Amino acid sequence: MSDPPDVEADTRAYYRARASEYEQWLRRQGRYAHGPDDDDDWRGELRTLSQFAGAAAGGRVFEIASGTGWWTRVLARGARVIASDYAPEMLAEARRRDPAGAQVQRCRCDAYRLPVRSASCDGCVFGFWLSHVPVPRAAAFVREAARVVRPGGRILLLDSRQDPQSGAHDQRTAGPRVQRQLRRLNDGREFHIWKIYWTPADLHFLLGLVCRQVEVIQTPRFFIGARGIVAGAAR
Ligand SMILES: C[S@@+](CC[C@H](N)C(=O)[O-])C[C@H]1O[C@@H](n2cnc3c(N)ncnc32)[C@H](O)[C@@H]1O
């Protein structure tokens, strides 16, 4: 029998290998297309999420696990963004897509150790990342995100709801809210990741560790988002 995978290492490897095909998921292409009705729902809900995200942008924003830069592009309409990711392949894809003239800097870092001074940003944003943070690490992660934000600045997160049509055709989403999921790439390579379907109550609790005025939204099927005002020195 083989050893159980190191799921966090596998998650990093998975996204490095997936970088060039990552946006097929957001765009509902290839293995991520589910038919016109489901895909229209998806696109409509993605627009709602973009409005929620855009309203939180302003000043100097640090983005964690920015991937190919889908949310960077939304944030950069109203903010100067330092967009980070672990995967060099994701950073390269994102740089290719950065709009000319946008105030975006990109850097490589681990989400749990951000390379910026405490209270040096007006906001911190992470899209579709918290659902990969193992439950025992979530509070420390949120505190690290809050550390870089000045008191009165914002934290914004966007993530997945547990809908059966939210991933690839061959991807299982049903079952417990905390899952080790098997993910496949278009060429058939397989990886294990953690996927946690955080509830509104979870997000109120987690952001409430570091923020006041926490707001959580859910779109009808696919997405959840939360934002709050950083309360002061990270507790
Ligand atoms: C689901 S993608 C989200 C990308 C982007 N935020 C979006 O919403 O489109 C998760 C991202 O987390 C990155 N990642 C994985 N492990 C990481 C780590 N330890 N530190 C920083 N980024 C990491 C991956 O490279 C990938 O870009």
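In debye, nearest 20: dipole of segment 37-78 around its Cα centre with unit charges on the Cβ of K, R (+) and D, E (-)?
520 debye
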| field | For the chain, calculated [θ]222 nm from helices alone, where every DSSP H run of n ≥ 4 adds -39500 (n - 2.57) | value | -9500 deg cm²/dmol
| Which one of ALA139, TYR32, GLN103 has its Cα pushed farthest toward the positive end of the charge dipole of segment 1-150, where Lys and Arg give +1 and Asp and Glu give -1 at the Cβ? | GLN103
| task | Report, by chain and number, residues whose modeled amide H sits under 5 Å from the one on ALA65, excluding near sequence neighbours (fewer than 5 apart, same chain). | result | SER84, ASP85, TYR86
| request: Would you calculate the separation in nanometres between label points at HIS204 and ARG117, each defined as 7 Å from the Cα along the Cα-to-beta-carbon direction? | output: 3.7 nm
| remark: The long-range amide H neighbours of PHE128, using H built 1.01 Å from N in the peptide plane and a cut-off of under 5 Å, are LEU158, ASP159
| task | Based solely on C-alpha atoms, express the radius of gyration and the Dmax of segment 107-195 in angstrom. | result | 15.6, 46
| note | If CYS109, CYS121, CYS211 are placed from fewest to most neighbouring beta carbons inside 10 Å, the sequence is CYS109, CYS211, CYS121
| said: Suppose we keep just the DSSP beta bridges with both residues in segment 80-219; what percent of those would be antiparallel, to 5? | reply: 40 percent
| said: Which of the three applies to segment 77-228, rounded, prolate or oblate, going by the alpha-carbon gyration tensor with a ≥ b ≥ c and a/c under 1.5 meaning rounded? | reply: oblate
| the chain: relative contact order as a whole-number percent, Cα under 8 Å and 6+ apart | 21 percent
| remark: Neighbours of LEU182 by Cβ distance under 12 Å: Lys/Arg at +1, Asp/Glu at -1, summed charge +3
| request: Quick one: work out the % antiparallel among DSSP beta bridges in the chain, nearest 5. | output: 50 percent
| query | When the Cα centres of segment 172-196 and segment 84-114 are compared, how far apart do they sit, in Å? | reply | 24 Å
| request: Could you tell me whether segment 47-161 comes out rounded, prolate or oblate from its Cα gyration tensor? Rule is a ≥ b ≥ c as square roots of the eigenvalues, rounded for a/c under 1.5, then prolate if a/b exceeds b/c, otherwise oblate. | output: rounded
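What shape does segment 174-235 take by its C-alpha gyration tensor, where a ≥ b ≥ c are the square roots of the eigenvalues and a/c under 1.5 counts as rounded, a/b above b/c as prolate, and the rest as oblate?
Judged from the Cα gyration tensor, segment 174-235 comes out prolate (a/c at least 1.5, a/b above b/c).
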| field | Which of TRP71, LEU157, SER120, positive extreme of dipole for the chain (C-beta unit charges) | value | SER120
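The numbers here are math on the coordinates, done by the rules we state, and not lab data. Remember, it's a predicted structure, so these values are computed and weren't measured experimentally. Reconstructed Cβ throughout: ideal geometry from the backbone, glycine too, with neighbour counts over all protein chains shown.
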